[in-house]
Structures are given as structure tokens and as C-alpha cells.
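K.L.:
Here it is: the structure, laid out below.
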There are 2 protein chains.
Amino acid sequence: MITAKNCIIRLSRYKNALYRLQTLGFVKVFSDNLADAVGVTAAVVRKDFSVFGISGNKKGGYQIEILLEKINSILGKDRLQKVIVIGAGHIGSALMRYRGFEKEGIKIAAGFDIDPAKINRYNALPILPLEEVKDFIKSQGIKIAILAVPDIAAQEVLDLVCSCGIKGILNFAPLRLISPEGCIVNNVNLEIELENLIYFVNVAEKTK
Amino acid sequence: MITAKNCIIRLSRYKNALYRLQTLGFVKVFSDNLADAVGVTAAVVRKDFSVFGISGNKKGGYQIEILLEKINSILGKDRLQKVIVIGAGHIGSALMRYRGFEKEGIKIAAGFDIDPAKINRYNALPILPLEEVKDFIKSQGIKIAILAVPDIAAQEVLDLVCSCGIKGILNFAPLRLISPEGCIVNNVNLEIELENLIYFVNVAEKTK
DNA sequence: ATCATAATGTTACTTTTTTCACAATAACAA
DNA sequence: TTGTTATTGTGAAAAAAGTAACATTATGAT
């Protein structure tokens, strides 16, 4: 199914909102509740659902449980997703320790680094030398890698892991990487996020 | 000036690309070089520039140095931006140690946490108790805060810092926060970034 | 059984963003 | 000086995203 990136991001947000509503004891939800929860209009919610053939009831809205099942299935969350982290520096280590992923069914299977001092083979979350990444990816069937290496090394590491079968990369290095056909790169650029915020705060100050 | 968020993000990317080109010894640049570097078309580059009244030379392209000056001025990078980090957990600590910000003229002035064990008042980058955040924001004139606190505390901390004069928040908690008029929130949601990547990798697998 | 109501699902409309195309023009060569 | 070329700057066209409106229909009340 061919779909806009924004639409999928909203799907994730709906999912998160639905879990919160479920925790609060709700069983069903209306498009405008969800709209409020994620900050869009009700029409967008219904349209997004219609794109994926998700339907509700003319008066009763949507059953949260069924909705979550469908969204989770679309997002591939009906099975555990194993990822690896390359780079055990500040950001990489923080990501490896971050608990937010596992409650989303995302398991960090291992970390990798070139610095021998960072290797820790017998940890619950092992940190392995980068030379072993190929075998690991192959044997564990890993498709997704998080790249948290210095800028200068990013492209090289991307080429390496793509040649080992990685299909998707979440890149934290603040530069645009060139990926081979068949490998998707999503960027998280913290500097740019901050710059953007600074810009809009400044604009707001000036127009005040 | 009223402008789309995407346009500002591209401006940041142009800037980064320009610095790289400058390092490589280039003095001038054409719209299609920049377009390649950030992954858009040349027309977008020229249009973005025209929005901000940035002009080049028919035939000669753009002088990188002048271009950088203008972009930096638009992005507010002609002066040091001081920010604070709230939450000294895994992500917060990693951000405080991250060197990427300072080379962008962004200085983390202090970290804050409620856990007394995390306080370290005499460090180069002090970590202070959250009670002191108000005085700090006021006395240092801080406008931007990075929020790296547990989900459950995020809204409360946002309300607190906004009441102290914070105008912009970069939020790492994976939920939508409600901010008062006059305070902008940008979200960095790592789970959603990964989910998104997983979705598109799965789609690519299926359609293969 | 019938009616009123409330929410969906979809179609048509509007706005925004992107792409395309090309006139204008600065630089350089002959 | 004249002509050629390369690149900008922009206006029009196309595509995408978002909004609004409303016909449809399930639900519950009378």
C-alpha cells in the first residue's frame, strides 16, 4: 500500500493515544476524541482510517481494542522487531538503555562499536565489535539499524550495514546519507530540531 | 515573517551543506549543488531563498560566505543560544554530553532533575535541583528548554517551565503535551521514528 | 414501529506545497 | 561590441494535503 509518511506517523500517534484512553478505562472512541488527542481534525482521523480500510460504527464510533489490533497490524507491531545500535557513544548508549522501545515491541538485540574498550560481550545487551556486525545481522535476521556514530564515519557504516542486508536505518548523524536502492534512511537531527524551535521562538518574540 | 516549518528545516540543511562545501574549499555554489546536497530539487532551493529575499547572481550562483551569513541571521545563529535540559536520565544526560550543539552555537547552560543523587552543582555543566529552575531561567534569560523527563511528569514540568518564561520546548516524552499560548513545543519521538521506519521497510519487503 | 439523533464515510472544495518551464540577465568569449 | 551560455528568479500548472459539508445509517427513545 502506497501511503504518505505523515499518515503513518499519525497512525502511530493514534495508537499511543488509544493506549492511554484504554488505560483510563475507555472501550470506544470517536473520531473527534482521537483528533483532540493527537492534534488534528476529526476528518483527518476518519480519512486516515478509510485509507487503511478501518471502519467504525455509524453511531458507536470505534472499538478501541479492535482499532488497536488493526493499527498494530498495519505498523507491523504484531511481532517483535529486533534492531541493532551502531555506535556506543553518548547517544548510542542512551538509546541502548532507553526503556521506551521495548514497550513498543522493539528490542535492541545488540550494540556495536569499533572501540575495544566499549565491548562487553556478556552483558544482557551485548556490545560487540563492529567486525561481527555482518554475522550478527545475517544470523539474527536484523533489518533495522540505528546509526549513532560520528558524522565522519556515518556514510561508511551505512554502506557496511546495507551490504549486510539492513533495509532501514535511523540515522542520528547530522548529515544526509546516501543509501543504496532498497534501504530507507530516516533522520533524527537534534541540532535542526533545536534550530527550528529557536527560529519560531524568535519570530514569535519579534511579532509580539 | 510567516513561513512553513519545512522551509525552515530546509534552511538548516542548506546551512549544514554549505559548511561542508566551504570545508572542501568551495567559495560559490549553485542551486542544483545545494539541491543534491539536501535531497530536494533546484527549484525548491531557489524558491526558499526567494521567500527570504536571498538572491544570487545570474550565472555565478551564490557566494557561500554571504549565503551562510544570511541563513545564520535568519535562523538566529548570529548569537549564542542558551538552553536548559530538564531531566538527567539516560536521554537527558546524553544530550548534556552531546558535542553537536555547541558547534551550532547552542549552549546547554544547565541541567535540572528532582533526584538529589543527580545534582552536581560544581560541574562545568551543573545539574541543579528542579526547584531552582525558575530563578535560573529568570536570571539567565533562558527561553528554550529540552524536556527529557518520564512521560508521566512531562506535562507538569512543561507547565512549570512555561510559567517561568520558557517560550520553546523540545520534548522527548512520547506524548502530546498541551502548551499555553505563546509557548511552542517541538516533539522528538524516537519510538515513532522507528515505527515509521519499520512500516516502510515492511511495505518495501511486501511489494518486492 | 417510527422518529430523532449522533457519528461515520465520502465527495467536493480549498489551501499548501512542489514541480515545471522559461524569460531575464550576468559573465565570458570571440 | 555582439553573441552565446549558464544560471537565477518567478509565474503558472500540477500534485498533495487538509477542510468542510453532508448523505448515510446504526442506535436508542418514544
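K.L.:
So if I check each of B:L34, B:L21, which one is over 30 Å from B:L128 (Cα atoms), within 14 Å of another protein chain (Cβ to nearest Cβ), over 20 Å from the mean Cα position of the chain (by Cα) and open to solvent by 10 Å² or more (accessible area, probe 1.4 Å)?
P.N.:
Values: B:L34 fails: open to solvent by 10 Å² or more (accessible area, probe 1.4 Å).
After ruling out the rest, the residue left standing is B:L21.
K.L.:
Right, here's the next one. From the list A:K143, A:K107, A:K103, A:K118, exactly one residue is among the basic types (K, R) and under 30 Å from B:G39 (Cβ atoms). Which is it?
P.N.:
Details: A:K107 fails: under 30 Å from B:G39 (Cβ atoms); A:K103 fails: under 30 Å from B:G39 (Cβ atoms); A:K118 fails: under 30 Å from B:G39 (Cβ atoms).
The match here is A:K143.
K.L.:
Go over the candidates A:K28, A:K15 one by one and state the one that is within 13 Å of DNA strand C (Cβ to nearest atom) and assigned by TED's automatic domain parsing to the domain that holds A:G53.
P.N.:
Values: A:K15 fails: within 13 Å of DNA strand C (Cβ to nearest atom).
Of the residues listed, the single one that is within 13 Å of DNA strand C (Cβ to nearest atom) and assigned by TED's automatic domain parsing to the domain that holds A:G53 is A:K28.
K.L.:
Determine whether A:E102 is away from every other protein chain (no Cβ under 11 Å) and away from DNA strand D (no atom under 15 Å from the Cβ).
P.N.:
Numbers: away from every other protein chain (no Cβ under 11 Å): no; away from DNA strand D (no atom under 15 Å from the Cβ): yes.
Taking the combined requirement at face value, the residue does not satisfy it.
K.L.:
If a residue must be of a type outside the set (S, T, N, Q) and near DNA strand D (Cβ under 10 Å from one of its atoms), how many such residues does region A:1-27 contain? Lay out the reasoning, then the answer.
P.N.:
Going through region A:1-27, the residues of a type outside the set (S, T, N, Q) turn out to be A:1-2, A:4-5, A:7-11, A:13-15, A:17-21, A:24-27.
Retained after the next criterion (residues that are near DNA strand D (Cβ under 10 Å from one of its atoms)): A:2, A:4-5, A:7, A:9-10.
So the answer is 6.
K.L.:
If only one of A:A145, A:A204 is within 14 Å of chain B (Cβ to nearest Cβ) and surrounded by fewer than 16 Cβ atoms within 10 Å (Cβ to Cβ), which one is it?
P.N.:
On the way: A:A145 fails: surrounded by fewer than 16 Cβ atoms within 10 Å (Cβ to Cβ).
Residue meeting the stated conditions: A:A204.
K.L.:
For the condition touching a strand residue (DSSP E or B) at 6+ places or on another chain (Cβ under 8 Å) and modelled with pLDDT of 95 or more, what is the one hit in B:Y62, B:Y19, B:Y14? Give the steps one after another, and end with the answer.
P.N.:
Working: B:Y19 fails: touching a strand residue (DSSP E or B) at 6+ places or on another chain (Cβ under 8 Å); B:Y14 fails: touching a strand residue (DSSP E or B) at 6+ places or on another chain (Cβ under 8 Å).
The match here is B:Y62.
So that you can scan it fast, the table gives a plain yes or no per residue for (1) on the phi > 0 side of the Ramachandran plot; (2) open to solvent by 10 Å² or more (accessible area, probe 1.4 Å); (3) in a helix (DSSP H, G or I); (4) within 16 Å of DNA strand D (Cβ to nearest atom):
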{"site": "A:K47", "(1), (2), (3), (4)": "no, yes, yes, yes"}
{"site": "A:S55", "(1), (2), (3), (4)": "no, yes, no, yes"}
{"site": "A:L67", "(1), (2), (3), (4)": "no, no, yes, yes"}
{"site": "A:I71", "(1), (2), (3), (4)": "no, no, yes, no"}
{"site": "A:K77", "(1), (2), (3), (4)": "no, yes, no, no"}
{"site": "A:V83", "(1), (2), (3), (4)": "no, no, no, no"}
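The values are calculated or read from the model by the stated rules, or taken from the named source; none is laboratory data. Just so we're clear, the structure is a prediction, and the values are computed from it rather than from any experiment. Cβ atoms come from the backbone with ideal geometry, glycine included; neighbour counts cover every protein chain shown. Just so you know, the surface numbers come from the protein's heavy atoms only, side chains and all, with ligands and any DNA or RNA stripped out. Shrake-Rupley method; radii C 1.70, N 1.55, O 1.52, S 1.80 Å.
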